[in-house]
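Enquirer: Just dropping this structure here.
The values are calculated or read from the model by the stated rules, or taken from the named source; none is laboratory data. Just so we're clear, the structure is a prediction, and the values are computed from it rather than from any experiment. In this analysis, Cβ positions are derived from the backbone assuming ideal geometry, glycine residues included, and neighbour counts consider all displayed protein chains.
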Amino acid sequence: MNAKVTQDQIDVWKTQHDGIFKIEVDGRTAYLRSPDRKTLSYASNIGSSDPMKFNEILLKNCWLAGDEEIQTNDSLFMSVSSKLAEIIEFKEAKLEKL
């Protein structure tokens, strides 16, 4: 089990990372940050030959705190995997031909 994450800790993470996320599954909680370019590149490269590995890399590298069982229990991992794509945030870009 994990130590209780306080609002103060969440506020610190928010100053350090672009996005902070809380995922809950079967009474367990994980706190994740948005992935950076390096993490996405690595996960995409490995994930091209093993799609499940993409989720493992994303979860491991974006992990801030939580119940470690989410990373080790297949059922919990699969449940969380379905939400991992949502931590990849894209800003709206505008292209203008000049």
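Enquirer: Please find, among LEU64, LEU40, LEU32, LEU58, the residue that is surrounded by 15 or more Cβ atoms within 10 Å (Cβ to Cβ), touching a residue at least 40 places away in the same chain (Cβ under 8 Å), in a helix (DSSP H, G or I) and of a type outside the set (Phe, Trp, Tyr).
Expert: Selected residue: LEU40, the only one of LEU64, LEU40, LEU32, LEU58 that is surrounded by 15 or more Cβ atoms within 10 Å (Cβ to Cβ), touching a residue at least 40 places away in the same chain (Cβ under 8 Å), in a helix (DSSP H, G or I) and of a type outside the set (Phe, Trp, Tyr).
Enquirer: Moving on to the next point. Can you confirm whether GLY47 is at pLDDT below 90 and surrounded by 17 or more Cβ atoms within 10 Å (Cβ to Cβ)?
Expert: Yes; evaluated as a whole, the condition is true for this residue.
Enquirer: So, in the stretch 67-93, how many residues would count as being surrounded by 11 or more Cβ atoms within 10 Å (Cβ to Cβ) and either of a type in the set (Val, Ile, Thr) or at positive phi (or both)?
Expert: Of the residues in the stretch 67-93, 4 are surrounded by 11 or more Cβ atoms within 10 Å (Cβ to Cβ) and either of a type in the set (Val, Ile, Thr) or at positive phi (or both).
Enquirer: I'm told ASP26 meets every condition in (1) in contact with a helix residue (DSSP H, G or I) (Cβ under 9 Å, 6 or more places away or on another chain); (2) exposed (fewer than 14 other Cβ atoms within 10 Å of the Cβ); (3) closer than 14 Å to ALA85 by Cα except one. Can you identify the failing condition by its number?
Expert: (3)
Enquirer: Please go through the stretch 85-98 and pick out each residue that is within 18 Å of SER34 (Cβ to Cβ), of a type outside the set (Phe, Trp, Tyr) and without any contact (Cβ under 8 Å) to a residue 40 or more places away in the chain.
Expert: Matches in the stretch 85-98: ALA85, LYS91, GLU92, ALA93.
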